[in-house]
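One structure below.
The values are calculated or read from the model by the stated rules, or taken from the named source; none is laboratory data. Everything numeric in this text was worked out from a predicted model, so none of it was measured. Cβ: placed from backbone, ideal geometry, glycine included. Neighbour counts: every protein chain shown. Surface accessibility is based on the protein's heavy atoms, side chains included, excluding ligands, DNA and RNA. Shrake-Rupley method; radii C 1.70, N 1.55, O 1.52, S 1.80 Å.
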Amino acid sequence: MRYFQFLIIILFSPLVNGVIKKLKAAMQGRVGPGVLQSYYDLLRLFKKDMVISTVTSWIFRATPYIVFTATAAAAAIVPVISTAPAFGMMGDVIALIYLFALARFFMALAGLDAGTAFGGEGSSREMTVAILVEPMMMLALFTAAISAGSTNIAHIAAVRGGYSPSHLLALAAFMVAIVAETGRVPVDNPDTHLELTMIHEGMILEYSGRYLALMEWAHAMKQMVLFTLAADIFFPFGIVAAGSSAGLVLSAAGYAVKMLGMAFLMALVESTRAKMRFFQLPSLLGGAFVLAFLSLVTHIMMGK
């Protein structure tokens, strides 16, 4: 099972996205789409023909495959229900962040490659947000890494450190990073295509058919990878080190509960917060960066 646990993220990431939409609709007094609607949307997109601008280059055509592959590689190095992943030696938090950066880089290039104003706007905004989010995420993860004595994600999850002030500060900063990285309210709105608000949607606005399906699937996978990373580092209880079938079943049940909790939290944030103006984002993300920095300083000063 350890060699295939990353398939959990690849196969069930659309389901997590559907659960978030269903919970969000329930909190807003709506019926909302079914939890399997994301699968139906992906199947519909895979069956559709693609419309590709004649001014695009190979970058536009290669980006969906690069983004999907990079995100799948990130899923492969993150322990899901066992701390013995298939690619455990490569499961480093720095490698994970660079895989996300690789996907973001090509998405920004693809947004510019189409030559549209919306694509350029989305790429510019995405890179601006990335400048603020990536250092914050790295500081939060480094606090947990220093505490565990390793940057290997499986080792961090296996250590199961206690909840100290530095741990809680890093958790708060990382939750803001998840909201920003997944393009959710109040940073972005995944349900709109208004040119004045979209960031992620702006970069993929020119995609259709199979290419759009790969991009949407990769985005759902990235969201579940980040949820899993938060569960591994900050809520590692229940994850097993190796082997028995009974232990893996219990770990899978605990993992499902944690993913449901993360989905509920994302739905609650989106239902109780308004979309912030783009020029207000540095205040939110800068404040989260301060929390991440304080978590590292607090850990060094207190020794835990």
Original post:
Using the Karplus equation 6.51 cos²θ - 1.76 cosθ + 1.60 (θ = phi - 60°), what ³J(HN,Hα) coupling, rounded to whole Hz, does each residue of region 274-286 give in order, writing x for Gly and Pro?
Top reply: 9, 5, 7, 5, 4, 6, 8, 4, x, 5, 5, 6, x
Subject >> Cα-projected label distance for Tyr98 with Ala241, points at 7 Å along beta-carbon direction, nm >> reply: 3.0 nm
**OP:** Compute the whole-percent fraction of alpha carbon pairs in region 94-156 spaced more than 17 Å apart.
**Re:** 50 percent
Original post:
Once amide H atoms are built 1.01 Å from N in the peptide plane, which residues 5 or more positions from Asp92, or in another chain, come under 5 Å H to H?
Top reply: Ile153
Original post:
How far apart, in nm, are the 7 Å Cα→Cβ label points at Val257 and Val297?
Top reply: 3.7 nm
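Report in % the part of the accessible area of region 56-132 that belongs to carbon and sulfur, leaving out ligands and nucleic acids; probe 1.4 Å.
Carbon-and-sulfur percentage of accessible area, whole number: 77.
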Original post:
Based on Cβ point charges of +1 for Lys and Arg and -1 for Asp and Glu, what charge dipole magnitude is obtained for region 1-53 about its Cα centre, in debye rounded to the nearest 20?
Top reply: 140 debye
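Per residue, how much accessible area does the chain show when a 1.4 Å probe rolls over the protein heavy atoms, in square angstrom? Please list the in-between numbers first.
On the way: 13530 Å² over 304 residues.
In whole numbers, the chain has 45 Å² accessible per residue.
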Subject >> Top positive-direction residue, dipole computed over the chain with Cβ charges, set Ala154, Ala252, Met266 >> reply: Ala252
Original post:
In terms of Cα to Cα distance under 20 Å, which aspartates and glutamates are near enough to Lys22, apart from those fewer than 8 places away along the same chain?
Top reply: Asp41, Asp188, Asp191, Glu216, Glu270
Original post:
Based on the Cβ-Cβ distance from Ala25 to Val55, what FRET efficiency comes out when R0 is 41 Å, to the nearest 0.05?
Top reply: 0.60
Subject >> Sites Ser283 and Met127, calculated FRET efficiency, Cβ-Cβ separation with R0 25 Å, nearest 0.05 >> reply: 0.85
Subject >> Sequence-separation-based contact order of region 27-130, relative, with Cα cut under 8 Å and 6+ spacing, percent >> reply: 29 percent
Subject >> Note, ³J(HN,Hα) from phi for region 98-111, Karplus 6.51, -1.76, 1.60, rounded to Hz, x at Gly and Pro >> reply: 6, 5, 4, 5, 4, 4, 5, 4, 6, 5, 5, 5, 5, x
**OP:** Tabulate in residue order the Karplus-calculated ³J(HN,Hα) for region 12-22, using 6.51 cos²θ - 1.76 cosθ + 1.60 with θ = phi - 60°, rounded to whole Hz; enter x for Gly and Pro.
**Re:** 9, 4, x, 5, 4, 4, x, 5, 4, 5, 5
Original post:
Of all accessible surface on region 149-304 at a 1.4 Å probe, what whole percent is carbon and sulfur?
Top reply: 70 percent
Original post:
Which whole-number percent gives the relative contact order of the chain, counting Cα pairs below 8 Å spaced six or more residues apart?
Top reply: 29 percent
